[in-house]
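Derivation of every value follows stated rules applied to the coordinates shown; laboratory data play no part. None of these values were measured; they are calculated from a predicted model. Quick reminder, even Gly has a Cβ in these numbers, built from the backbone with ideal geometry, and neighbours come from all protein chains shown.
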C-alpha cells in the first residue's frame, strides 16, 4: 500500500474495517507509517488483571528457568 490508499477488510459476518496509510514518517531512525483504522466495536466483557506482591516471578517465566539442569 501507498500513502492515501485505502483497504476495506470484510469479515464473514459482515463487519468491516476501513484502513489506510495516512503518512510516512520515521521512528527511531527507521521508516514507519501513520495508519488509520476505523470500524465499530461493542464491549463484550470487563477483565481485571492483578499481580500478587509475593509472586516470585512477577514478569512470568520460561520453562528453561525452572526445568532441572541435566
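Values computed for the structure shown
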| read-out | value |
| --- | --- |
| Kirkwood hydrodynamic radius (C-alpha pairs) into Stokes-Einstein, the chain, 10 °C and 1.306 mPa s, D in µm²/s | 92 |
| For the chain, calculated [θ]222 nm from helices alone, where every DSSP H run of n ≥ 4 adds -39500 (n - 2.57) | -1000 deg cm²/dmol |
| Fewest-first ranking of 21, 13, 34, using other Cβ atoms within 10 Å as the exposure measure | 13, 34, 21 |
| Förster radius 30 Å - calculated FRET efficiency between residue 17 and residue 46, Cβ distance, rounded to 0.05 | 0.80 |
